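The next block holds one structure in the form of structure tokens; read it before the comments.
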Amino acid sequence: MTALTADRAAPAVRRSRRNRLAAMLPAVVVGLPLILFVLFPLAHILGRSFSTPDGFGLANYAAMLGNERFLRITWNSFAVTLVSAAVAIVMAYAFAYAVQRSTMPLRNLFRMIAVLPLFAPSLVQAQGLVLLFGRNGLINRSFGLGIDLYGYWGIVIASVLYVFPYAFLILSAALAVADARIYESAEMLGASKWRAFRTVTLPATRYGLAAAIFVCFTLVITDFGNPMVIGGDYTVLASEVYNQVIGQANFEMGTVIGMVLLIPAAIAAMVEKRVSAKQYALISEHSRPLVPQKDRLRDLALLAVAVLISAAILSIVLVVVFASFVHLWPYRMTFSLRHYAFDVQNGIQPLWNSIYVSVMAAGIGVVAVTAAAYVIEKFPSPAARGLYFLSILPAAVPGMVLGLGYILAFNSPSNPVYAIYGTLVIIAIANVYYYHAHGFLISGTSIKQISGRFDEASATLGGSRRQTFAKVTLPLLFPTLVGIAVFFFMRSMVTLSAVIFLITPNTQVAAVSVLYLQDRGATNQAAAFSVCIIATIMAVLLAVRLLLNAMGHRNVSLIR
Amino acid sequence: MTLALSHVTKRFGNTVALDDISLTIERGEFICFLGPSGCGKTTLLRIIAGLELAEEGTVTLEDRDLSEVPARHRNFGVVFQSYSLFPNMTAARNVGYGLECRGRPRAEIEARAAEMLRIVALSDHAHKLPSQLSGGQQQRVALARALAPDPEVLLLDEPLSALDAKVRESLRLEIRDLQRRLGITTIMVTHDQEEALTMADRIVVMDTGRIAQIGTARELYDRPASRFVAEFIGRMNVLPVAGGRLAGLPLAVPQGATLIGIRPEDVRLHAGEGPPGRAILPARLTNTIYLGNLAHLVLSVEGIEHEIVAEVPGHACKAIADAPQIGLELPAETIKVLA
Ligand SMILES: Nc1ncnc2c1ncn2[C@@H]1O[C@H](COP(=O)(O)OP(=O)(O)OP(=O)(O)O)[C@@H](O)[C@H]1O
Ligand SMILES: [Mg+2]
């Protein structure tokens, strides 16, 4: 494909300087919100981390590096992250392998169980663990045991379960594509099954594996919901940011730790983007899809693994659901709906706020990422390259850091954005830009596939750019756009970290309610809130699925 | 409707895709761009369509310069190699798309689409989506779609190469027939010489970004201007000559000629020494390839490095093969001077 298309018809040599500037205009227009809502807050964080009582300097960093407590927290973070990521990857690989490459029964059911935690607030794992193994948990109460899960191992177990579905999605996509011919030649050459796995399967999924490792790493090191709930006295970097900012209103320290958090997350995100771009080149158009063959022993072993992991995932989610319906967990286990009365401060309002924010984020998010991807594809210019960078930059930014940046950047009446500061709109916007990279990459892939082939056909038939977009590109893009909207909706419903610093008493969202209630010891009510979130997401997914089916789009993946 | 290209040049980085191409196409003509892969056929077609910009040179239609006219205002119909039908539209809507973009009334669009689908014999498939049509049907819809807005010129980029042999043959006739009926100026890109020979009024043979020769199929076959054309169109024995002699035998060619060509079917073979008084070389049979009604005899001649292929009727083959001695005659009127 050539980069030049129909409507850029003025020959390059004749193109004036003004035309060149005009070609940059779309990228600049689409890039402005990204500058305002990503770069600007980040610049504020960076600036604030260097600001000391005696002007700009490295004093904050020096103070931190000389602080033994801080070094211990950093060590804690890495100890949690490396172990959780490693365990989660092994589990997710085995599970994805079982689902994609074996003939075990109920593979679709297992697939659904694996992604189930994505429908729940991001601290549901800790919530479930507390209900089961906490001081007043079911196990300790029922058997009179003294298991103490709070601390390192609690965080690790919660984190493993938290990132498992993300790793599963990536690895399952990597394992889904396979060229049967390679396996046949390995077999012809006399390779044993184990050898074929080591020499063919593992190398073929190395990019997916690397991507999954880095995603898990970023997710765990930036997660603060689970450590807050189940960490006890064990503090990690993410929870320390929260303590500094909310607990002690020490913004300088918060930003410094945020910067420390940003560096490993940014490195991991950059490597991940580089690596996942290579995944696609592995499959040529002549390859033949691999159909898993029956192998009793292997399938039985994989089934056992899948059952165990599913049991862990389900027990967490189900215990939360169960706890929301009993009178007083774990003392009076009689059925009761009293926790759904929501006789707490804001009542059920946070749930409505969440839905409102998520719908708004879905709408704004779809437009924002699609516009960015479209402009980059259609108006190539140096500005478009900058736009690409800005579009994937948020993948490197921890949610809390972005949220903190918003406080610092917009919490001043002199800033025009102050008008929406403290409203639900700014929360929706934070979610849009926090998840921008992922949505952008989905729509970019789709637009690339569509545009090359049909734009020229449309142009030669007399279609203008606008007509082509409305009549061809948009209808073909529609299922993808729905998928992206669902993605923004789901993540906005469950996220904590991007919004934790932005909520006010009037704009509290459901996931934060879960955290606060849990923190206060109102575990049953927290569970009820979680259940409401899960139910909302499932209802929306079901409705969208039915709608898409009715419109004839059956092969659209809604869970990303 | 004359379409004229003058001095069109196009580079991609360091590769010169097109080098100073000039060409005039008459109204209603069917022209084929023929050449090996990578010689610039597609690039030239895309420049004519307005999908690509020439660095130098102009494209004019009836003396109107098209350089500044974007593809969508040129009103040229294009059929792409990979159909490129819009997958979200039925066959009928695909065909009506050009008129839809021109803002014509609905009734007119529908009538025109139905008419075009009837012309390509797909009326029964009007309401199918592209994914429900066979490759040949899709390409016919693409043809109908390109023709529906009544374009000034029809451009086809290897429209048949993705289809199997049977469909390709019937579609060849169909396209040619339709083109004659509508009298539309047409340019088709192909690297299949048989396709070019059977369909085109004139063929433009291209070689690495340049025009090697322009002419009718007959002209190119009978009077190739260069070794490249001679070998690209049909088969040719290419033989070096010096001082008007080939292996010592004087030939009726200009003294300065260095390279001559003769088609296998023009080589005359004699069992035995052949009639006296004619220029005949003694030859030895090295291989025989039977093609049913015809046979290709591969011969070697003392003093000539290359083997010479002669085409003879299948029944005449045995007499020559069994002869103790073979005489090889190059009739003067069939010798083509290539350099
Ligand atoms: N967008 C491009 N960027 C760089 N080089 C290009 C581009 N398009 C074509 N070329 C080069 O220009 C030359 C001519 O290409 P073109 O596609 O016109 O060949 P073609 O005659 O149509 O070949 P084929 O029969 O294989 O389709 C080739 O060397 C090709 O590599
Ligand atoms: Mg080509």
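With a 10 Å Cβ neighbour count serving as the proxy for reagent exposure, in which order, fewest first, do B:V189, A:V425 appear?
A:V425, B:V189
Let me know the charge dipole size of the protein assembly as shown about its Cα centre in debye, to the nearest 20, where only the beta-carbon of Lys, Arg (+1) and Asp, Glu (-1) is charged.
In total the dipole reaches around 1980 debye.
Treat the count of other C-beta atoms within 10 Å as a stand-in for reagent exposure and order B:M116, A:M333 from fewest to most.
Arranged by neighbour count, lowest to highest, B:M116, A:M333 become A:M333, B:M116.
Placing +1 on the Cβ of each Lys and Arg and -1 on the Cβ of each Asp and Glu in the protein assembly as shown, which of A:N76, B:N94, A:A186 has its Cα farthest towards the positive end of the resulting dipole?
After comparing all options, I get A:N76.
In whole Å, what are the Cα extents of chain A along the three principal axes, biggest one first?
Cα spread of chain A along its principal axes, largest to smallest: 81, 71, 49 Å.
Taking only complete DSSP H runs, can you tell me which helices of chain A stretch 18 Å or more along their own long axis by Cα positions and average at least 1.6 on the Kyte-Doolittle scale?
In chain A, the long hydrophobic H runs are A:152-176, A:206-222, A:296-324, A:474-494, A:523-550.
Can you work out ³J(HN,Hα) from phi for every residue in the range B:45-51, in order, using Karplus 6.51 cos²θ - 1.76 cosθ + 1.60 and θ = phi - 60°, giving whole Hz and x for Gly and Pro?
Going residue by residue, I get 4, 5, 5, 5, 6, x, 8 Hz, with x marking Gly and Pro.
Go through the range B:319-325 residue by residue and turn each phi into a ³J(HN,Hα) via Karplus (6.51, -1.76, 1.60, θ = phi - 60°); whole Hz please, and just put x for glycine and proline.
Result, rounded to whole Hz: 4, 6, 4, 7, 5, x, 9.
Provide, as a two-decimal number, the C-alpha radius of gyration of the range B:235-337 over 2.2 N^0.38 Å, N being how many residues it has.
1.03
Could you tell me which residue out of B:I326, B:A247, B:A316 lies farthest along the dipole of the range B:225-339 toward its positive end? Charges go on the beta carbon: Lys and Arg +1, Asp and Glu -1, centred on the Cα centre.
B:A247
If you line up the Cα atoms of the range A:68-331 on their principal axes, what length do they span on each, largest first, in Å?
Extents along the principal axes, in whole Å: 65, 45, 27.
Please list, ordered by chain and number, the residues whose modelled amide H lies under 5 Å from the amide H of B:M188; skip anything fewer than 5 residues away on the same chain.
Amide H neighbours of B:M188: B:I31, B:C32, B:F33, B:L156.
Starting from the Kirkwood Rh over alpha-carbon pairs, what translational D in µm² s⁻¹ does the range B:176-223 have by Stokes-Einstein at 25 °C and 0.890 mPa s?
For the chosen part, D equals 211 µm²/s.
Counting other beta carbons within 10 Å of each Cβ, put B:M188, B:M206, A:M253 in order, fewest first.
A:M253, B:M206, B:M188
For the charge dipole of the range A:68-331, defined by +1 on Lys and Arg C-beta atoms and -1 on Asp and Glu C-beta atoms about the Cα centroid, which residue among A:P121, A:A176, A:G231 has the Cα displaced farthest towards the positive pole?
Value: A:A176.
Wrap a convex hull around the Cα atoms of the range B:3-231, take a quarter of its surface area, and give that in square nanometres.
12.8 nm²
Can you grab the distance from the C-alpha centre of the range A:91-128 to the C-alpha centre of the range A:447-501, Å, no decimals?
Each part reduced to its Cα centre gives a spacing of 28 Å.
For the protein assembly as shown, what is the calculated [θ] at 222 nm in deg cm²/dmol (nearest 500), taking -39500 (n - 2.57) for each run of four or more DSSP H residues and dividing by its residue count?
Value at 222 nm, helices only, nearest 500: -16500 deg cm²/dmol.
Give the distance, in whole Å, between the Cα centre of the range B:201-225 and the Cα centre of the range A:353-392.
One Cα centre to the other: 52 Å.
Extent of the range B:249-307 along each principal axis, from alpha carbon coordinates, in Å, largest to smallest?
40, 26, 20
Under unit Cβ charges (Lys, Arg +1; Asp, Glu -1), what dipole magnitude, rounded to 20 debye, does the range B:235-337 have relative to its Cα centre?
The calculation lands at about 100 debye.
Rule-based calculations on the coordinates, nothing more; no lab input. Keep in mind the model is a prediction, meaning the values are calculated, not measured. We place every Cβ from the backbone using ideal geometry, glycine too, and count neighbours over all the protein chains shown.
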